[in-house]
Amino acid sequence: MPETARVLQFPARQTSTAVSPAEALEMAREYLSTAEEDRSENVKEKNLSNCDVLLAICKVLRDGMESSPAVTVTEASFLYRWAANPESAVGVFDEREYVLGEAALIAAKGSRLLGKLGDAERWLDRSDAAFRHIVNPAPSLAGIAFERLALRFAAGRYEETLELLPSLKSSFKKLGMGIENAKAQFLEAIALRFVGREEEHFTLLRDLEQASEVRACPSLHGQVLVHIGHHEAASGDFETAARTYEKALPIVMRGNRPVALCELKWAIGDAYRSQGSPRRALESYRAAKSDYQQLGFRAFVTQMSLLIAETLLALGRDREAEWEILSALPAIEEEKMVPEGFAAVALLRESVRRRKTDPNALRELREHLQAKS
């Protein structure tokens, strides 16, 4: 076979205006900074018909997902609908399918962060269907497989997550996706903790912390350190945990992952609580809750409210604890965070009504929610 036969001749890309990567990124940011109602049809056509700008928009959405997941899902959903319209101009080869897959995957991740697991699953199905029609689908399909495992983990299916991770890690290794493989190992480490395999959990975290791929990625490196510190604090080694958290803080800040900073504040609160310093724990929990509220992570705001309530009860501030519980219960019911008829919810509501908050029901509900996060 002649060598030229191995090369596919694709039609040249046709865009209204050739732009550099930097220009495309600037146009993408300008487009996204404009309120949707203020975007004229000409503005949409100018930006979304240019594949370079369209892919830059996807990048901006990915990078800003944790800061504003609700906005990310809205924008990614619009991109998906736009690219799915046959009348929309999206490249000349497989660009349309790639944009459909990428927009759906972004919407899936954002939905998971918001705790909308059913929506996330549907978006993953759409992403899978689109990516199967691009020239090199393997890396993208591996990314979808990872997101499906993250959904299983979020649903509390830890054993299934651990069972399926080895195959995914093997795929990442074969494809040369080093950082994705490291993220899969991090998911494995957290799942190990939830099934009670603490030593394996801690060993894997320590190995990850030394990995070059992890150290080159501040967002992941910071998260790994936060969880190492959490293990050290849970083991009663508060001095070592404090040093680990101190090391993690600048890395988390550099990684620009707001969720990791929330996790760090939460973990510091847990450490203070374990040390018998509930007032200092309360400060950290409230700081974490405030950050989660700004990010729009309603499920985590609810968990923090219940954790704050437990801490307030320990301080004898029962009335304040009731306010926290009453602020959390509507979200639990509206978002269906617990199975219908979950006894702890009814017991807690009734005990608050009687002004005698049941600490056992509160703890059971909080632990149930935390196990699902």
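The values are calculated or read from the model by the stated rules, or taken from the named source; none is laboratory data. Please read all numbers here as calculations on a predicted model, not as lab measurements. Glycine gets a Cβ as well: all are built from the backbone with ideal geometry, and neighbour counts include every protein chain shown.
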Quiz item: So, of the residues in the stretch 277-322 that are in contact with a Leu (Cβ under 8 Å, 6 or more places away or on another chain) and β-branched (Val, Ile, Thr), which turns out to be modelled with the lowest pLDDT?
Solution: 302
Exercise. Return the total of residues in the stretch 106-128 being within 22 Å of residue 169 (Cα to Cα) and more than 12 Å from the chain's Cα centre (by Cα).
Key: 5
Quiz item: Hey, residue 81 hits all of (1) farther than 20 Å from residue 31 by Cα; (2) surrounded by fewer than 19 Cβ atoms within 10 Å (Cβ to Cβ); (3) in the same structural domain as residue 26 (by TED's automatic domain parsing) but one; which does it fall short on?
Solution: (1)
Practice problem: Return the only residue of 33, 67 being at pLDDT 90 or above, out of contact with any strand residue (DSSP E or B) (no Cβ under 7 Å at 6 or more places or on another chain), surrounded by fewer than 17 Cβ atoms within 10 Å (Cβ to Cβ) and in the same structural domain as residue 104 (by TED's automatic domain parsing). | Solution: 33
Quiz item: Which one of the conditions (1) β-branched (Val, Ile, Thr); (2) modelled with pLDDT of 85 or more; (3) outside the structural domain of residue 88 (by TED's automatic domain parsing) does residue 43 fail to meet, given that it meets all the rest?
Solution: (3)
Practice problem: Sort out which residues of the stretch 246-261 are within 16 Å of residue 291 (Cβ to Cβ) and either in a helix (DSSP H, G or I) or touching a Cys at 6+ places or on another chain (Cβ under 9 Å) (or both), and write them in order of number. | Solution: 248, 249, 252, 253, 255, 258, 259, 260, 261
Practice problem: Please enumerate the residues belonging to the stretch 114-144 that are surrounded by fewer than 17 Cβ atoms within 10 Å (Cβ to Cβ) and small (Gly, Ala, Ser). | Solution: 118, 129, 138
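Yes or no, residue by residue, for (1) buried (at least 23 other Cβ atoms within 10 Å of the Cβ); (2) over 20 Å from residue 241 (Cβ atoms); (3) among the small types (Gly, Ala, Ser):
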residue	(1), (2), (3)
279	no, no, no
294	no, yes, no
309	yes, yes, yes
328	yes, yes, yes
331	no, yes, yes
350	no, yes, no
358	no, yes, no
362	yes, yes, no
Quiz item: So is residue 83 under 30 Å from residue 42 (Cα atoms) and either in a loop (DSSP other than H, G, I, E, B) or without any contact (Cβ under 8 Å) to a residue 40 or more places away in the chain (or both) or not?
Solution: yes
Quiz prompt | the stretch 235-250 residues that are assigned by TED's automatic domain parsing to the domain that holds residue 266, paired with ones that are of a type in the set (A, V, I, L, M) and loosely packed, with under 15 Cβ neighbours inside 10 Å (beta carbon under 6 Å, 6 or more apart) | solution = none
Practice problem: Could you identify the single residue in 321, 288 that is assigned by TED's automatic domain parsing to the domain that holds residue 242, part of a helix (DSSP H, G or I), buried (at least 24 other Cβ atoms within 10 Å of the Cβ) and not hydroxyl-bearing (Ser, Thr, Tyr)? | Solution: 288
Practice problem: Tally the residues that are outside any helix (DSSP H, G or I) and aromatic (Phe, Trp, Tyr), restricting the search to the stretch 136-161. | Solution: 0
Quiz item: Among 264, 165, which is the only one that is more than 23 Å from residue 367 (Cβ to Cβ) and in a helix (DSSP H, G or I)?
Solution: 165
Quiz prompt | Matching residues in the stretch 107-135 - criterion: being hydrophobic (A, V, I, L, M, F, W, C), assigned to a helix (DSSP H, G or I) and under 26 Å from residue 257 (Cβ atoms) | solution = 107, 108, 113, 117, 120, 123, 124, 131
Practice problem: Can you confirm whether the stretch 89-105 contains a residue that is surrounded by fewer than 23 Cβ atoms within 10 Å (Cβ to Cβ), among the small types (Gly, Ala, Ser) and over 30 Å from residue 299 (Cα atoms)? | Solution: yes
